[in-house]
Structure formats: C-alpha cells, structure tokens
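*Asks:* One structure is given below, represented as structure tokens, and several questions about it will come after.
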Amino acid sequence: MLIRPRRLRTNQKIRDMVRETVLTKNDLVMPIFVDENLKDDEKTPIRSMPGQFRYGIDAAVNECVEISELGVPAVILFGIPVEKDEFATSAINEQGGVQKVISKVKSKLGDDLLVIADVCMCEYTSHGHCGIIKGEEILNDETLEVLGNIALSYAKAGVDIVAPSDMMDGRVLKIRNVLDQNGFKNVSIMSYAAKYASAFYGPFRDAAESTPQFGDRKSYQMDIGNSKEALKEIGLDINEGADLILVKPALPYLDIVKMAKEVSNIPVGGYCVSGEYSMIEAAAQNGWIDREKAVFETLLGIKRAGADFIITYWAKEVANWL
Ligand code: PBG
C-alpha cells in the first residue's frame with residue numbers, strides 16, 4: 001500500500017485542521033526605542049531598520065497604547081540618552097526616558113500591557129560597551145553594581161519585567177537580590193541567557209547608538225560555535241532566579257531555542273533581532289521575496305523550534321494580520 005501524506009494537504013481546511021504550530025498575538029513582544037533627544041511627541045525613522053522608529057516620550061506612550069489595543073501583550077523598551085559617560089550614569093536617572101515611559105504607560109494601561117525594560121549599559125556608555133571598563137578590559141563585578149541600580153530604577157518606575165542583556169556573570173542573582181531587598185519581589189527577570197556575539201545586531205547598534213568604540217563584545221557575549229555552553233548559561237540563570245530566558249539571535253540559533261525548551265522548566269523566548277528584520281525588509285524592498293509570507297514563516301519557525309514567545313520588530317504589524 002502506498003502511504004499518501006498528501007491527503008492531509010488536499011485543501012486549506014484540512015491543512016488548517018492538522019497544523020501543528022500556530023502563531024498567536026499572545027506570542028509577540030514589540031521592541032520600542034525611546035529617544036530622549038527627541039521632542040516628546042516626535043518620532044524619527046531608523047535608517048538601518050526600514051519601518052521602525054525612535055520615539056520621544058509621549059510618542060512612545062502612544063505607540064504602546066496602539067500596540068496594546070492590537071492585542072500584543074508586551075513591549076520591551078530600549079533607551080537612547082542625551083548624555084553618555086564611562087559609567088552609564090544616565091541609565092539610572094529616575095527622570096530618564098525609559099523610566100518616564102514605564103511610569104506613564106503603567107498608569108495609563110495598567111495590566112493591559114506588560115512593560116519589559118532592557119537592562120544594559122551599552123546605550124548609555126561613551127565607549128559603547130556593556131560594562132565598566134578598565135583600559136580595554138570589561139570588568140564583571142563592578143558592572144553588576146550598575147546593572148542592579150538600573151534594574152532598581154526601572155522597578156521604581158513600575159516595570160513588570162527587567163531584561164538584562166549584558167552577559168556579565170552573576171547579573172541575575174545580583175538583580176534579584178537588589179529587587180528583593182528593595183521590596184520589588186514581584187518584578188520578574190527575563191534574562192538573555194544565551195546571547196551570542198552576533199553580526200546580526202548591526203542595525204540595532206545603529207538604532208540605539210551603541211556600537212562599541214573599541215574592540216568587540218566577544219569577551220562577554222557567547223561564541224557563535226557553542227551550544228553546550230548555552231546549556232551552562234541557561235542553567236546558571238535559572239539557578240540565579242531568572243523567571244524567563246531568551247535565546248538571541250533566533251534564526252541562526254534555532255537549535256539552541258529547541259535545546260533551551262527541552263532543558264528548561266521556565267518559559268523560553270526567541271529574540272528575532274535587528275539583522276534578521278532588516279535582511280527580510282531589504283530583500284522585500286528589492287522585490288526579491290514576498291514580505292508578508294517570509295515574515296510569517298520566520299516567526300512560525302521560531303515558535304516551531306520551541307519558543308514560548310518571540311521578541312520581534314514585526315510584532316505590531318503581525319498582530320494586525322492575525
Ligand atoms: C544591548 C542589546 C543589544 C540588542 C539587544 N540588547 C545589542 C548588542 O548586544 O550589541 C540587540 C537587539 C537587536 O539586534 O535587535 N546589549
């Protein structure tokens with residue numbers, strides 16, 4: 001007897017009925033760039049990420065309202081400050097752009113939108129690295145102090161989840177302790193557990209003005225050839241108290257997403273990063289690819305690999321399609 005798998009592909013109804021993986025609005029998290037250099041109601045396009053913008057404070061809040069109305073459950077905020085220094089001092093300014101957007105969005109939307117804030121120094125340092133430096137060395141333990149303070153200032157503003165993306169050792173434990181000691185036991189930690197030293201962050205660094213001024217991030221972000229090491233990082237972060245973990249980038253690391261989902265008993269997210277976004281946008285602009293289909297297939301692939309949720313610059317738009 002000939003086995004005929006094609007029977008289950010005969011028409012759209014049967015294909016829909018037996019599809020194993022389904023993308024829903026609830027899977028999506030939308031990144032937002034808050035730029036303190038803009039007027040409050042202003043937004044400006046990001047050259048390297050067609051269709052994406054940097055927002056002034058009120059423009060960011062309005063964008064969050066629209067995103068929430070579309071049924072996307074969460075945003076993740078990144079900040080571009082007016083002033084940068086060696087110690088990322090402006091990141092802990094209680095009147096900083098991210099802090100202001102957190103408190104405005106939470107008072108406006110309450111539980112209708114989860115607000116996640118990326119915790120990292122690189123957008124706030126003059127040298128563009130994700131830590132305190134000494135010469136050309138990135139110091140681990142000194143950096144933890146700053147990360148704890150950044151997370152605390154977001155917690156004070158009312159953030160739901162802090163997301164450390166720096167890859168310093170011990171940051172989850174440090175942040176958990178600082179939050180708990182200050183009465184923020186209910187603020188969750190989403191750690192970028194397996195974050196690779198990837199070329200795919202290029203457009204983001206343009207967007208967030210966070211390109212390192214010397215060297216690269218290879219002494220803290222993971223080597224692109226490693227997968228066992230991802231298990232080690234994931235295990236450490238879970239033990240230190242992470243509530244959710246991320247794999248980043250997503251597409252070139254779908255094996256890691258799958259592994260992470262298998263080994264972890266907490267939710268796993270995939271971060272479909274700026275380079276993944278811009279690649280498809282560029283191909284689409286050239287007429288080389290069907291944009292909508294390619295976007296949908298990309299996100300479905302990340303979910304099929306095992307992601308419980310996906311951080312994607314397409315979140316707002318895709319929510320409109322679903
Ligand atoms: C900050 C940070 C980066 C991204 C998220 N958080 C840049 C980097 O590590 O260089 C990249 C996100 C993207 O490319 O979409 N450390």
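The values are calculated or read from the model by the stated rules, or taken from the named source; none is laboratory data. These numbers were taken from a predicted model, which means no experiment stands behind them. Cβ: placed from backbone, ideal geometry, glycine included. Neighbour counts: every protein chain shown.
Yes/no matrix, rows are residues, columns are (1) of a type outside the set (A, V, I, L, M); (2) assigned to a strand (DSSP E or B); (3) surrounded by fewer than 17 Cβ atoms within 10 Å (Cβ to Cβ); (4) more than 16 Å from the ligand (Cβ to nearest atom):
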site: Ala283; (1), (2), (3), (4): no, no, yes, yes
site: Trp288; (1), (2), (3), (4): yes, no, yes, yes
site: Ala307; (1), (2), (3), (4): no, no, no, no
site: Ile310; (1), (2), (3), (4): no, yes, no, no
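*Asks:* Filter the stretch 22-44 down to the residues that are of a type in the set (A, V, I, L, M, F, W, C) and away from the ligand (no atom under 16 Å from the Cβ), then identify the one that is farthest from Phe78 (Cα to Cα).
*Replies:* By that ranking, first place goes to Val22.
*Asks:* Considering every residue within the stretch 232-239, establish whether at least one is at pLDDT below 95, within 16 Å of the ligand (Cβ to nearest atom), crowded, with 17+ Cβ neighbours inside 10 Å and charged (D, E, K, R).
*Replies:* No; the residues of the stretch 232-239 include none that is at pLDDT below 95, within 16 Å of the ligand (Cβ to nearest atom), crowded, with 17+ Cβ neighbours inside 10 Å and charged (D, E, K, R).
*Asks:* Out of the residues in the stretch 210-225 meeting the condition of being in a loop (DSSP other than H, G, I, E, B) and without any contact (Cβ under 8 Å) to a residue 60 or more places away in the chain, tell me which one is farthest from the ligand (Cβ to nearest atom).
*Replies:* Once the filter is applied, the top-ranked residue is Gly225.
*Asks:* Does the stretch 89-109 include one or more residues that are on the phi > 0 side of the Ramachandran plot and of a type outside the set (Lys, Arg)?
*Replies:* no
*Asks:* Would you point out the residue of the stretch 259-281, among those that are within 16 Å of the ligand (Cβ to nearest atom) and among the small types (Gly, Ala, Ser), that is surrounded by the fewest Cβ atoms within 10 Å (Cβ to Cβ)?
*Replies:* That would be Gly275.
*Asks:* Let me ask something additional. Please enumerate the residues belonging to the stretch 270-289 that are over 10 Å from Thr312 (Cβ atoms) and not β-branched (Val, Ile, Thr).
*Replies:* Across the stretch 270-289, the qualifying residues are Ser274, Gly275, Ser278, Met279, Glu281, Ala282, Ala283, Ala284, Gln285, Asn286, Gly287, Trp288.
Here's the yes/no breakdown for (1) surrounded by fewer than 20 Cβ atoms within 10 Å (Cβ to Cβ); (2) more than 13 Å from the chain's Cα centre (by Cα); (3) away from the ligand (no atom under 13 Å from the Cβ); (4) under 27 Å from Ser227 (Cβ atoms):
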{"position": "Lys174", "(1), (2), (3), (4)": "no, yes, yes, yes"}
{"position": "Leu179", "(1), (2), (3), (4)": "no, yes, yes, no"}
{"position": "Lys185", "(1), (2), (3), (4)": "yes, yes, yes, no"}
{"position": "Ser198", "(1), (2), (3), (4)": "yes, yes, no, yes"}
{"position": "Asp206", "(1), (2), (3), (4)": "yes, yes, no, no"}
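*Asks:* What number of residues in the stretch 124-143 are crowded, with 23+ Cβ neighbours inside 10 Å and assigned to a helix (DSSP H, G or I)?
*Replies:* 1
*Asks:* Right, here's the next one. With the structure loaded, tell me whether Lys248 is of a type in the set (D, E, K, R), buried (at least 16 other Cβ atoms within 10 Å of the Cβ), under 24 Å from Arg304 (Cβ atoms) and touching a residue at least 24 places away in the same chain (Cβ under 8 Å) or whether it fails that test.
*Replies:* Here the answer is yes, as Lys248 does meet what is asked.
*Asks:* List the strands (runs of 3 or more DSSP E) that sit entirely inside the stretch 20-100 and contain at least 3 residues that are of a type outside the set (A, V, I, L, M), in contact with a strand residue (DSSP E or B) (Cβ under 9 Å, 6 or more places away or on another chain) and buried (at least 20 other Cβ atoms within 10 Å of the Cβ).
*Replies:* The qualifying strands (runs of 3 or more DSSP E) are 28-35.
*Asks:* Only one of Ala208, Ala194, Ala230 is farther than 25 Å from Lys258 by Cα and touching a strand residue (DSSP E or B) at 6+ places or on another chain (Cβ under 6 Å); which?
*Replies:* Checking each option against the conditions leaves just Ala208.
*Asks:* With (1) free of Cβ contacts under 8 Å to residues at least 40 places away in the same chain; (2) in a loop (DSSP other than H, G, I, E, B) as the list, and Val178 as the residue in question, which single condition is left unmet?
*Replies:* The failed condition is (2).
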